[in-house]
Amino acid sequence: MKIYINGSLKDEKNAKISVFDHGLLYGDGVFEGIRAYNGRVFLLDEHVARLYSSAKAIAMTIPMSPADMAKAVVSTCKANRIKNGYVRLVVTRGVGTLGLNPYLCKKPQVIIIAAGIQLYPEDLYRKGLKIVTVGTIRNHPEAINPRIKSLNYLNNVLAKIEALNAGVMECIMLNPQGYVAEASGDNIFVVRGNQLLTPPCWCGALEGITRAMVMKLAAEAGYEVREEVMSRYDLYTSDEVFLTGTAAEIIGVTEIDRRPIGKGKPGKVTRKLAKAFSEYANSNGAEIG
Ligand code: PXG
């Protein structure tokens, strides 16, 4: 495997960054997870744009242009002969002192890893996912805004630990007011009749790129798509629930807190949108060549 670091491709064993990097010392940095389907990088410009917004939000200047970043992603995929895969794009604050001061870090480190994909087991897409709501609340937006896709993922990791300890693979996180925010690594949608509902980002959700794509495809398919503040009541009483994310794509949820959702299997709106998404993803994107 060839790893991109600051403009050059390194063999996996030589792909190293400093132990003084604030990405490691403080989780100070930003990242993206991107998919390649069928020899194309999917929604690349959207991911690059979000990366630069995340960087701006933490007052970090990425030392290259968005256009060059997009090119670097494509060329890293090409160097690794990726047709279908998963790209991890990371920008750390760079080397600094042992103190917090980010302004002493002079050079953000740009890392691109193009690898295989880890999805949920295939049968879960047919059977649906059982999830729970967890006690770990999503970060308050004025503490660490969940719209920043930062390297500081402990909030999500702590939620994931609760899910795994409860015997399920994913969970719903509530915001400090008790409203639904998102899953630990995915956005959440609710189907109610002809309506497709998802919490607004200010409720504590990442502005998911899959989320935006699904909202667009659903609107085109004739659903009424709305952002709505939701409580657990809205989840428990919905017709269908599904999660969206770059890694998970669209996955139906059949049980929340041991309560069956809808008919207890992935619903027909979920299946229809998953099909539309898969068709779109397999025929659009930046050509790897
Ligand atoms: N919310 C959070 C907190 C995420 O981390 C999403 C929503 C979905 O966003 P996109 O843009 O991908 O549709 C994410 C992204 C994992 C893993 O291993 C998941 C993400 C990132 C890194 C790792 O499950 N999800």
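Taking the chain as the reference, fit the longest principal axis to its C-alpha atoms, fit the long axis of helix 154-165 to the helix C-alpha atoms, and give the angle between the two in degrees, 0 to 90, nearest 10. Relative to the chain, helix 154-165 is tipped by roughly 50 degrees.
Semi-axes of the equivalent ellipsoid for region 92-200, computed as √(5λ) from the eigenvalues of its C-alpha gyration tensor and ordered from largest down, come to 31, 19, 14 Å. Each part gets one Cα centre, and for region 241-289 versus region 102-171 those centres are 18 Å apart. The alpha carbons of the chain stretch over 53, 43, 31 Å along the principal axes, in descending order. Counting only alpha carbon atoms, the long axis of helix 268-281 and the longest principal axis of the chain meet at about 30°. Note that region 108-121 has calculated 3J(HN,Hα) couplings of x, 9, 9, 10, 10, 10, 10, 9, x, 10, 10, 9, 5, x Hz, one per residue in order, obtained from phi through the Karplus relation 6.51 cos²θ - 1.76 cosθ + 1.60 (θ = phi - 60°); glycine and proline are x.
For region 106-161, the fraction of C-alpha pairs more than 14 angstrom apart is 73%. Directionally averaged projected area (region 2-115, Cα convex hull): 6.4 nm².
The peptide list 162-174, 8-20, 110-122, put in order of mean Cβ contacts within 10 Å with the highest first, becomes 162-174, 110-122, 8-20. With all pairs of separate Cα atoms included, region 216-289 yields a Kirkwood hydrodynamic radius of 13.8 Å.
For region 243-283, taking the reciprocal of the average inverse distance between every pair of different Cα atoms yields a Kirkwood hydrodynamic radius of 11.0 Å. Derived scalar couplings between HN and Hα for region 3-11 equal 10, 7, 10, 6, x, 10, 9, 10, 5 Hz in order, rounded to whole Hz, by the Karplus curve 6.51 cos²θ - 1.76 cosθ + 1.60 (θ = phi - 60°), x for Gly and Pro. Residues in region 175-187 carry Karplus couplings, in order, of 8, x, 8, x, 8, 5, 9, 5, 7, 5, x, 8, 8 Hz; the curve used is 6.51 cos²θ - 1.76 cosθ + 1.60 with θ = phi - 60°, and Gly or Pro positions show x. Here the Kirkwood formula, the inverse mean of 1/r across different C-alpha pairs, assigns region 122-281 a hydrodynamic radius of 15.4 Å. Lys-Lys pairs in region 44-179 that are eight or more residues apart or on separate chains and whose Cα atoms lie under 25 Å of each other come to 13. Seen from all directions on average, region 149-207 presents a Cα convex hull projection of 4.8 nm².
Per residue, the convex hull spanned by the alpha carbons of region 179-232 comes to 67 Å³.
All of the numbers you see were taken from the coordinates with simple rules; none came from a lab. Because the structure is predicted, anything quoted here is derived from the model rather than measured. Cβ sites come from the backbone with ideal geometry, for glycine too, and all protein chains shown count toward neighbours.
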